[in-house]
Amino acid sequence: MSTERFDCHYCKESLLGNKYVMKEDTQYCTKCYENLFSNCCEVCSLPIGCNCKDLSYKDCHWHEQCFKCAKCSRPLVEKPFAAKDEQLLCTECYSHEYSSKCSTCKKTIMPGSRKMEYKGNSWHETCFLCHRCQQPIGTKSFIPKDNGYFCVSCFEKQFAYQCCACKKAITTGGVTYNDKPWHRECFLCIGCKKQLSGQRFTSRENYPYCLDCFSNLYAKKCVGCTKPITSLAGAKYISFEERQWHSECFTCMQCSVSLVGRGFLTQRDDILCTDCGREK
């Protein structure tokens, strides 16, 4: 009575009574399987056989006994580790070689722990404190000052100027006027309340005015057009017997010819060119 053969798929040796490995519904003797499919160990370069655990990390493989720290040779199986320059290191060796030191307590910041970084310096999260209130800053905004770090509230209390209009702290973009600090948005014309920062303005009795408000309130009025005359905007004007005209408004009341630089005659409140004056 014949017996059905059960052979290695690759070398055709009989597998009856011998160990074998199944791969994709195909049987192999252990030797063929290792030669064909086993991964090579990153440390010893030998195949990782069927009787060994195959430990892998980022497409690399190790025997269980070869999976060790590259510095101190301690086993890394089921322990935390870190990779650096294609080497595996236990957390202690990695920390000693590569981890940052806390600028406050000078101790190593262990891999995986929360830390703060600023301009090349590092801190444990619990060591990065406001210089004034000594509370952890964490992820909140902070302001550096004189080799210290301050939460915004403490910085405003200790260093920031207070706006003389709203009495709140000025942290950025302030304006100084009459030796007093203002927020840019608080520095307004006393007349129309228009923001003056970045604009031309003048003052009277220590109050700031935009040019329009100052002209309307204090400038002399043109006899011709009745609008204010101000030299603040570079306007030229003519003055005669306590009356003023814009240069372009100083014209003959009858024929409207410009009288700037010419002789003229007066008739009561009227200003006339010499030709129109003689006709009168």
Under the 7 Å Cα-to-Cβ spin-label approximation, residue 153 and residue 46 lie apart by a distance in nanometres of 6.5
Within region 143-280, how many Lys pairs that are eight or more residues apart, or on different chains, come under 26 Å at the alpha-carbon? 24
Residue span residue 240 to residue 73: 0.36 nm per residue of separation minus Cα-Cα distance leaves a gain in nm of 49.7 nm
Karplus (6.51, -1.76, 1.60) ³J(HN,Hα), θ = phi - 60°, over region 268-273, in Hz, Gly and Pro reported as x: 6, 8, 8, 10, 10, 5
C-alpha center-to-center spacing [region 38-86, region 179-236] in angstrom: 80
Computed from the beta carbon distance with a Förster radius of 41 Å, FRET efficiency for residue 164 and residue 220 to the nearest 0.05 stands at 0.80
Trypsin sites (Lys or Arg not before Pro) in region 1-56 lying in a DSSP loop, each with at most 15 other Cβ atoms within 10 Å of its Cβ, come to 5, 12, 19, 53
Taking H placed 1.01 Å from N in the peptide plane, check which residues at least 5 places from residue 131 or on another chain put their amide H under 5 Å from its amide H. 149, 150, 151
As a test, work out the antiparallel percent of DSSP beta bridges whose residues both lie in the chain, rounded to the nearest 5. 100
If each residue of separation counts as 0.36 nm, what is the full-extension length gain between residue 193 and residue 274 once their alpha-carbon separation is subtracted? 24.4 nm
Residue-level accessible surface for residue 88, protein heavy atoms, 1.4 Å, Å²: 20
Which of (1) -1.07, -1.23; (2) -0.99, -1.43; (3) -1.33, -1.70 is the computed log10 I(q)/I(0) by the Debye sum over Cα atoms at q = 0.14, 0.17 Å⁻¹? It is (1)
Net charge dipole size for the chain [Lys, Arg +1 and Asp, Glu -1 on Cβ; Debye, nearest 20]: 1400
Within straight cross-link reach of residue 101, meaning Cα distance under 13 Å, which aspartates and glutamates are found once same-chain residues fewer than 8 apart are removed? 117, 125
The chain - mean residue ellipticity at 222 nm from DSSP helices (-39,500 (n - 2.57) per run, n ≥ 4, rounded to 500): -3500 deg cm²/dmol
Once amide H atoms are built 1.01 Å from N in the peptide plane, which residues 5 or more positions from residue 221, or in another chain, come under 5 Å H to H? 229
Can you give me the accessible area per residue for region 1-119, using a 1.4 Å probe, in Å²? 74
What is the ratio of the Cα radius of gyration of region 133-268 to 2.2 N^0.38 Å, with N the residue count, to two decimals? 1.77
Pick out, from 149, 211, 6, the residue whose Cα sits farthest towards the positive end of the charge dipole of the chain, with +1 on the Cβ of Lys and Arg and -1 on the Cβ of Asp and Glu. 211
From the backbone phi of region 126-132, what are the Karplus-calculated ³J(HN,Hα) couplings (6.51 cos²θ - 1.76 cosθ + 1.60, θ = phi - 60°) in whole Hz, Gly and Pro given as x? 7, 9, 8, 10, 5, 5, 9
What residues qualify as long-range amide H neighbours of residue 170, i.e. H under 5 Å apart, gap of 5 or more or another chain, H built at 1.01 Å from N? 161, 162, 163
Explain nothing, just compute: Karplus ³J(HN,Hα) = 6.51 cos²θ - 1.76 cosθ + 1.60, θ = phi - 60°, for every residue of region 82-87 in order, whole Hz, x for Gly and Pro. 9, 10, 8, 6, 6, 10
At 1.4 Å probe size, with the rest of the protein present, what percent of the exposed accessible area of region 10-124 is carbon and sulfur atoms? 46
Once both label points are put 7 Å beyond Cα along the C-beta direction, the residue 10-residue 24 separation in nm becomes 1.3
Net lengthening on full extension, residue 134/residue 65 (0.36 nm per residue, minus Cα-Cα): 20.0 nm
Flagged links, alpha-carbon separation over 27 Å, of 79/119; 23/53; 19/58: 79/119; 19/58
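The values are calculated or read from the model by the stated rules, or taken from the named source; none is laboratory data. Computed from a prediction, not measured in an experiment: that's the story for all the values here. Cβ coordinates were reconstructed from backbone atoms using ideal geometry, including for glycine residues, and neighbour counts include every protein chain displayed. In case anyone asks, the SASA skips ligands and DNA or RNA and just uses the protein heavy atoms, side chains included. Shrake-Rupley method; radii C 1.70, N 1.55, O 1.52, S 1.80 Å.
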